[in-house]
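Chemist: Would you mind keeping the following structure in view while I ask a few things?
Laboratory data are not the source of any read-out in this text; all were calculated from the coordinates shown. Fair warning: this is a prediction, and the values are worked out from it, not measured in the lab. All Cβ positions, even for glycine, are placed from backbone atoms using ideal geometry, and neighbour counts span all protein chains on display.
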Amino acid sequence: MIVTGHIERVGCRRTNAAAPHGVGVAPARPRAIQTHVRPQTQLAAANNNRASRTPPPEDNTHETKLGPNVLASVKDLKEGGVKWGAATVVRNDSANLDGSVRVLHLSVSDHVDMLYGRRVKGVPDATRWIESYTIPGQCVGVRLPAPGQEPHDPPRQLYAIASSPYASRRDSAYVDASLIEVVVERHGSSDDSVLAELGPGSQLEVTQVIGRGFCSLLDSYNGLTHALEDGRNLVVIAMGDRGMAAARSALNWQPVLAHASSHSVAALYLAHSAGRASFVTDWDMWREAGMRLRPVYTHPGAGVDDLAVVGPPAASAAAGNGGASPAPAPASSPPHHPDAVALDPARSMELLQLSLFMGEGGFEGVCGGPAHRTTFLLAGLPGDMASTLTRQLAAKGVPSSSVLFAQSDFF
């Protein structure tokens, strides 16, 4: 019995038709499979064309991730970009032995409604205030509600956030508010004198988070996070209570504490005396983390109740806004208390140079390694003093872009 059929295969075709008995049918040869091999030059050209069609990735090496509502530029600050929100004083604690420096624990109104649906259990309808505080060295404006104030008026004075971003986020996680800390002085500006006497429950107004944290004046994207990622040694120089407030936010920050376990982290704190030094209770924690903290007192023998003015009040005003020390405070700045204790810039600069360049181990001993691999964080220094120190550091091999400033000093 002869079976006829039709079979197709890939690459060949075989047909069995009716044939006389005993006559064989030669199978058809499979078709040759043609393979086109592209020369190497054509492959390279195709890859180049494909690469040209793909946009190159942006260079975000120095990019610092900011929160959703940060006021990042001076232009926005002056052109009505400020937003004031309600805040409440939770506690008013002393930051030094004589009680002249106060830490205000503020609860910024931060209610966010949750939206619920069939498939989504809960989505916030807005971002929280605390989400904008991501980098140490950022600051806020604080004012007391008063008639005649505009909702977009720029703040007369900026206050560095003294609590670290990690601590503020941790404390705000389970409450319907954003919790931060700011430092005020009883014998500081007129605004400070009023704020320093506020008790729990007092109502305030606070701006959104301002600035990019500790960053370079030459490249605002070159900041503290880049220094940590690059594995650089850190030297923090804080002058006065306001400078220590900004430095504390960095020294208490978890990435810096972890960085201190494998890299050199040193801190120099210029203060009037031991009785007026701020946040003494934090010093042991920093030293246990591996940091080297050295307080430098302009008047080490002064008593706790000594109210002698070391320098003119204008110097303290300049230290707060980054201006030149001998220049008078601008008209928009709040006047200072007659009993204000200001650090003398000349005496402070002399002591700072002795500590940096003439101490045991020399300058590299302070840096903990090569100068070009060290980043300096400056907080609270007057403008002239900061610029002079920057030039001296550059002469020692520290790049100018590696000198970072707190936003409350120059923003």
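Chemist: Fewest to most neighbouring Cβ within 10 Å: what's the order for 206, 280? Numbers along the way, then the final one.
Modeler: Working: 206 25, 280 14.
Ranking 206, 280 by Cβ neighbours within 10 Å, fewest first, gives 280, 206.
Chemist: What residues qualify as long-range amide H neighbours of residue 342, i.e. H under 5 Å apart, gap of 5 or more or another chain, H built at 1.01 Å from N?
Modeler: Result for residue 342 returns 310, 311.
Chemist: At residue 350 and residue 364, where each label point lies 7 Å from the Cα along Cα→Cβ, what is the point-to-point distance in nanometres?
Modeler: If labels sit at residue 350 and residue 364, their model points lie 3.0 nm apart.
Chemist: Can you grab the distance from the C-alpha centre of the range 246-291 to the C-alpha centre of the range 171-197, Å, no decimals?
Modeler: That distance is 21 Å.
Chemist: Determine the shape class of the range 337-411: with a ≥ b ≥ c the square roots of the Cα gyration tensor eigenvalues, call it rounded for a/c under 1.5, and otherwise prolate if a/b is greater than b/c, oblate otherwise.
Modeler: It is oblate, given that a/c is not under 1.5 and a/b is not larger than b/c.
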